[in-house]
Amino acid sequence: MVWSEPSLLVFRPILYQDLRIAASIPLDAALAGWREQRDAIALTTALFIAMIFAAGVLALRYVDRMSQARLAIAQSKATLEQALESMVSGFLLLDSQHRVLQWNRRFEEMYPLRHPVLAPLVPFSTVVMEILHHRMPSVTDEERALQQQRLADHLKGVDVIVSTAAVPGRPAPKIVSAAMVAISRLRKSSPGLA
C-alpha cells in the first residue's frame, strides 16, 4: 500500500529477524489534537502576558499617585511649618483626644518646658500642669488637682482651644465673639445704625 500524504511510520522487529511489524498514521491525524493544545497554550500565554502588563500599568499608576500624594503632604507640611514659625504668638496644635501634635518656636519661648513634656502625643493636660508648675511653683498639690479637674471639665466636648498670650511691646490679643461679628455685619448692611 502506498500513502500519498505524509505519515508517521513505526516498525519493530519481532522474534523472527526477517519479519517486522509496521504501523502508520497520517501526520494530520496525529497532530490534530496537538494543534488545538498549541492554540490553547498560546491563548493562555497571551492572556497571562496581558494580565501582567495590565497589573504593571496599574502598579505604576498607583506608585505615581502615591508619589504625588507624598509630595503634596511634604509641601503642605513645609507650608504649615513656615506659617507656624512666622507667627508672633505661641501656637500649639492638638488632636481630637487633646494630645500635642505640633507647636512653634514662639510657644517654646513663652513656655520653656522640659523636652519630654513638650513632645508629640503628650496630653494637653500634662503640658498645662507643667506650665502651671513652671509659672507658679508654690502651688500645692490640692490646688494643682483642682486646676487639673477644672481643665478636664473645660475640655469635655471642646473641639477648638484658642489660647492667647500677650506679646511684649504689643497690645493684648482680643477674642471676637460670634455676636460681635453679627453686630458688625448688621452695622455694615444698615449705615443708619451706627
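The orientation-averaged shadow of the Cα convex hull for segment 26-100, equal to a quarter of the hull surface, comes to 8.7 nm². Taken along the Cα-to-beta-carbon direction at a fixed 7 Å, the label points for Thr44 and Leu132 span 7.4 nm.
For the chain, the per residue solvent-accessible surface stands at 82 Å², with DNA, RNA and ligands left out and a 1.4 Å probe.
Suppose only helical runs count, i.e. DSSP H with n ≥ 4. What mean residue ellipticity at 222 nm does that imply for the chain under -39500 (n - 2.57) per run, divided by all residues and rounded to the nearest 500 deg cm²/dmol?
For the chain, the value works out to -19000 deg cm²/dmol.
How high is the relative contact order of the chain, in percent, counting Cα pairs under 8 Å that sit 6 or more residues apart? About 10 percent, as a whole number. Express the Stokes-Einstein translational diffusion coefficient of the chain in µm² s⁻¹, to the nearest whole number, given a Kirkwood radius over alpha-carbon pairs, 25 °C and a viscosity of 0.890 mPa s. D, rounded to a whole number, is 94 µm²/s.
Backbone amide hydrogens, once placed in the peptide plane, bring Trp103 within less than 5 Å of Leu93, excluding anything fewer than 5 places away on its chain. Converting phi to 3J(HN,Hα) with the Karplus coefficients 6.51, -1.76 and 1.60 and the offset θ = phi - 60°, segment 126-140 yields 5, 5, 4, 5, 5, 5, 4, 5, 5, 7, 10, x, 8, 5, 6 Hz in sequence order, with x at every glycine or proline. Expressed as a whole percent, the accessible surface of the chain that belongs to carbon and sulfur atoms is 62, based on a 1.4 Å probe. Potential lengthening of the chain between Val63 and Ser89 amounts to 5.4 nm, from the contour at 0.36 nm per residue minus the alpha-carbon distance.
The values are calculated or read from the model by the stated rules, or taken from the named source; none is laboratory data. None of the values given here were measured: they were computed from a predicted structure. Glycine gets a Cβ as well: all are built from the backbone with ideal geometry, and neighbour counts include every protein chain shown. Note: accessible area is taken over every heavy atom of the protein model, side chains too, but ligands, DNA and RNA are not part of it. Shrake-Rupley method; radii C 1.70, N 1.55, O 1.52, S 1.80 Å.
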